[in-house]
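To start, the structure itself, in C-alpha cells.
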Amino acid sequence: MAVTGTGIDLVEIDRFSKIRQKYGERFLQRHFTGGEIDDCSSKRAPDRHFAGRLAAKEAVFKALKMKWIPGFSWRDIAITAGGDAAPFCAVITGETARHAHALGLGDIHISISYSREFAVAVAIAQGGPQ
C-alpha cells in the first residue's frame with residue numbers, strides 16, 4: 001500500500017492542563033470518546049496522555065489532508081492502545097470516515113512520544129484512490 005499522507009503535531013502538556021482546568025469535562029467530551037476519556041483518566045499522569053491523544057488526532061487530521069469541514073468532530077478519530085501495545089487509530093467515523101474512504105484509506109500508523117513539556121505524535125496514512 002502506498003503512503004497517502006503524513007502528519008505530525010506537538011502539544012504543550014502544561015497548556016493542555018490549563019485548558020482542561022478551565023473548561024473541564026465539557027472540553028474532554030468535545031475532543032475525546034468515552035473510551036479515550038476512561039483510558040487517559042486511569043493513567044498516573046492523565047493530562048500527559050490526553051495531550052498525546054490530542055496530538056495524534058491532529059496528526060491524523062493532517063495525514064488525511066483534511067480541511068475543516070462541516071460536521072467534522074474530533075471524536076470522529078479515536079486513538080487507543082491496549083496494554084503495552086503501540087497506539088493506533090481505532091475508529092474513524094462521520095465526515096472524517098467519508099473523507100478517508102474517498103482517499104481509499106487502508107491503515108493509519110501512529111507514534112506518540114513525550115518529554116516533560118511536550119507530547120508529539122506522527123501519523124502515516126496508507127492506501128490510495130479507489
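Quick note: the coordinates plus some simple rules give every number you see, no bench work behind them. Remember, predicted model here, so these are calculated numbers, not experimental data. Backbone-built Cβ (ideal geometry, glycine too); neighbour counts: all protein chains shown.
Considering (1) in a helix (DSSP H, G or I); (2) touching a residue at least 12 places away in the same chain (Cβ under 8 Å); (3) among the acidic types (D, E), say which one D9 fails and leave the rest.
(1)
Against the conditions (1) out of contact with any Leu (no Cβ under 6 Å at 6 or more places or on another chain); (2) closer than 15 Å to I112 by Cβ; (3) among the hydrophobic types (A, V, I, L, M, F, W, C), where does V11 fall short? Just the number, please.
(1)
May I ask you to list the residues in region 63-122 that are among the aromatic types (F, W, Y) and closer than 20 Å to I13 by Cα?
Hits for region 63-122 are W74, Y114, F118.
Pick out the one residue from I124, I77, I110 that is in contact with a strand residue (DSSP E or B) (Cβ under 8 Å, 6 or more places away or on another chain), aliphatic (A, V, I, L, M) and closer than 17 Å to Q29 by Cα.
So the residue among I124, I77, I110 that is in contact with a strand residue (DSSP E or B) (Cβ under 8 Å, 6 or more places away or on another chain), aliphatic (A, V, I, L, M) and closer than 17 Å to Q29 by Cα is I77.
In region 17-121, which helices (runs of 4 or more DSSP H) lie fully inside it and hold 3 or more residues that are farther than 21 Å from G7 by Cβ and out of contact with any Cys (no Cβ under 7 Å at 6 or more places or on another chain)?
Those helices (runs of 4 or more DSSP H) span 34-41.
Could you give every pair whose Cβ atoms fall below 9 Å, whose first residue belongs to region 96-111 and is touching a residue at least 24 places away in the same chain (Cβ under 8 Å), and whose second residue is in a helix (DSSP H, G or I) and not aliphatic (A, V, I, L, M), counting only separations of at least 6 or pairs across chains?
From residues that are touching a residue at least 24 places away in the same chain (Cβ under 8 Å), the pairs are T96/F61; T96/D76; L105/H99.
Could you list, ordered by first residue, the pairs with Cβ atoms under 6 Å in which the first is in region 33-51 and crowded, with 17+ Cβ neighbours inside 10 Å and the second is among the basic types (K, R), at least 6 apart or interchain?
Sorted first by the residue in region 33-51, then by its partner, the pairs are T33/R75; E36/R53; H49/K43.
For F50, state whether it is over 17 Å from A119 (Cβ atoms), of a type in the set (F, W, Y) and more than 9 Å from the chain's Cα centre (by Cα).
no
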